[in-house]
Amino acid sequence: MERATGLTAVIGHGSPCILLRADIDALPVREDNDLEYRSANGAGHMCGHDSHGAMLLGAARILKDMEAELKGTVKLLFQPGEETGAGARLMVENGVLEDPHVDAAFGLHVQPTDPTGRIGYAVGVNSSSLDTFILKIHGRGGHSSQPHLCTDPLMIMNQIYQAVNLLVTREADPAATVALTCGVAKGGTAVNIIPDEAQLHIGLRTQDVAAAEHLKQRIPELIDHYVKAWNGTYDLTVFHTPCTYSDEKFCAQAVPYIRETAGEENVLQIPPMSGTEDFGYITAEVPGMFAFIGAGEPGNAPLHSPQMVLDEEVLPAGSAVHAYTAAAWLENYRI
């Protein structure tokens with residue numbers, strides 16, 4: 001994230017101010033589609049963030065053409081780093097919600113497995129939190145024939161892997177939906193070498209605040225005890241992406257405008273998603289709403305798949321939802 005670049009712009013002037021957000025980063029996934037414009041550099045927009053940028057640019061053109069009619073300010077946020085879980089946090093820390101002060105925020109995400117143009121939203125918590133633990137274990141390498149002269153970081157890593165998975169089954173309330181995944185476990189170069197280092201990356205997702213708080217405390221404790229028990233040392237990087245929260249009052253204001261744009265029959269309330277959205281850093285500070293817009297049909301390749309492809313008819317539909325929701329909310333805003 002040290003080289004991450006975001007972009008903001010404002011249209012209109014004065015209060016109130018509504019922020020429209022598009023995330024713009026890609027994934028380290030090689031696209032596997034027979035398309036003239038497919039990515040060829042080993043990274044692809046397999047979560048549709050390029051379409052988010054395109055939709056917000058379309059909304060910007062609409063809003064700029066009617067700027068004199070706006071009853072306040074629209075702030076456009078082209079946000080980096082959503083896939084890291086830290087991009088929105090960095091933008092908030094660097095003042096994106098000020099100058100002018102943001103009173104409400106709206107985010108829209110494509111969904112290739114839903115019919116094009118259909119809008120789904122959840123009121124209240126609508127995504128899981130994500131707690132990330134990036135662990136580097138330092139041991140003492142050597143020859144595999146002399147393990148007593150070494151400190152094996154791979155053995156330590158494997159014990160921690162098992163322990164944190166058991167932790168979820170024994171210390172999280174069974175009623176709480178908790179998903180723990182160790183997405184990276186690596187170390188070593190040859191069968192006859194005990195390496196100096198190993199890495200384990202742990203991701204914890206839940207919509208249960210109590211479970212998250214407990215496990216956020218216990219996972220570092222387990223790491224500390226297992227590493228020290230086997231005479232290793234470690235570096236641990238931890239960051240927490242909160243649940244995204246759609247404010248009930250703001251949803252009640254915005255949904256009628258979305259229905260006017262997308263059609264009454266195309267807007268429905270859906271359950272919270274099990275995935276994570278770093279838009280939660282923004283909704284933790286100001287009232288906001290996050291919604292999905294269909295960009296395909298059931299049976300399509302899902303988000304993050306190398307075969308994911310979107311129906312481009314979603315682009316003008318998404319631009320219209322952004323622009324009309326923002327303009328109508330400004331028109332009818334009341335303190």
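Of the conditions (1) open to solvent by less than 40 Å² (accessible area, probe 1.4 Å); (2) closer than 23 Å to E98 by Cβ; (3) out of contact with any helix residue (DSSP H, G or I) (no Cβ under 7 Å at 6 or more places or on another chain), G275 fails just one. Which one is it?
Here G275 clears every test but (2).
Return the total of residues in region 84-142 being farther than 14 Å from D23 by Cα and of a type in the set (G, A, S).
12
Got a number for residues in region 142-165 being open to solvent by 30 Å² or more (accessible area, probe 1.4 Å) and either in contact with an Asp or Glu (Cβ under 7 Å, 6 or more places away or on another chain) or of a type in the set (F, W, Y) (or both)?
Of the residues in region 142-165, 1 are open to solvent by 30 Å² or more (accessible area, probe 1.4 Å) and either in contact with an Asp or Glu (Cβ under 7 Å, 6 or more places away or on another chain) or of a type in the set (F, W, Y) (or both).
If I go through region 63-96 residue by residue, how many of them are out of contact with any helix residue (DSSP H, G or I) (no Cβ under 6 Å at 6 or more places or on another chain) and either among the hydroxyl-bearing types (S, T, Y) or farther than 22 Å from H13 by Cα (or both)?
Counting residues in region 63-96 that are out of contact with any helix residue (DSSP H, G or I) (no Cβ under 6 Å at 6 or more places or on another chain) and either among the hydroxyl-bearing types (S, T, Y) or farther than 22 Å from H13 by Cα (or both) gives 9.
State yes or no: is G288 surrounded by 15 or more Cβ atoms within 10 Å (Cβ to Cβ) and in contact (Cβ under 8 Å) with a residue 40 or more places away in the chain?
The answer is yes for G288.
Need the failing condition index for D114 against (1) modelled with pLDDT of 95 or more; (2) among the acidic types (D, E); (3) touching a strand residue (DSSP E or B) at 6+ places or on another chain (Cβ under 7 Å); (4) surrounded by fewer than 19 Cβ atoms within 10 Å (Cβ to Cβ), just the number.
Only one criterion is unmet by D114, namely (4).
What about L63, is it open to solvent by 30 Å² or more (accessible area, probe 1.4 Å) and hydrophobic (A, V, I, L, M, F, W, C)?
no
Out of (1) over 16 Å from A320 (Cβ atoms); (2) in contact with a strand residue (DSSP E or B) (Cβ under 9 Å, 6 or more places away or on another chain), what's the single condition that is false for A59?
(1)
If you take the residues in region 82-111 that are within 22 Å of G72 (Cα to Cα) and touching an Asp or Glu at 6+ places or on another chain (Cβ under 7 Å), which one is most open to solvent (accessible area, probe 1.4 Å)?
V92
Only one of L303, L310 is touching a Pro at 6+ places or on another chain (Cβ under 6 Å), part of a loop (DSSP other than H, G, I, E, B), open to solvent by less than 50 Å² (accessible area, probe 1.4 Å) and touching a residue at least 40 places away in the same chain (Cβ under 8 Å). Can you tell me which?
Step by step, each of L303, L310 is checked, and only L310 is touching a Pro at 6+ places or on another chain (Cβ under 6 Å), part of a loop (DSSP other than H, G, I, E, B), open to solvent by less than 50 Å² (accessible area, probe 1.4 Å) and touching a residue at least 40 places away in the same chain (Cβ under 8 Å).
Which of the residues that make up region 276-327 are under 21 Å from A43 (Cα atoms) and of a type outside the set (A, V, I, L, M, F, W, C)?
T276, E277, D278, N300, P302, H304, S305, P306, Q307, D311, E312
Look through T151, T177 and report the one residue that is modelled with pLDDT under 95, in contact with a strand residue (DSSP E or B) (Cβ under 7 Å, 6 or more places away or on another chain) and among the hydroxyl-bearing types (S, T, Y).
Answer to the selection: T177.
What residue, among those in region 170-222 that are open to solvent by 70 Å² or more (accessible area, probe 1.4 Å) and in contact with a Pro (Cβ under 9 Å, 6 or more places away or on another chain), is farthest from R140 (Cα to Cα)?
This residue is Q207.
The values are calculated or read from the model by the stated rules, or taken from the named source; none is laboratory data. Just so it is clear, the structure is predicted and the values come from calculations on it, not from any experiment. Quick reminder, even Gly has a Cβ in these numbers, built from the backbone with ideal geometry, and neighbours come from all protein chains shown. Only protein heavy atoms, including side chains, enter the accessible area calculation; ligands, DNA and RNA are left aside. Shrake-Rupley method; radii C 1.70, N 1.55, O 1.52, S 1.80 Å.
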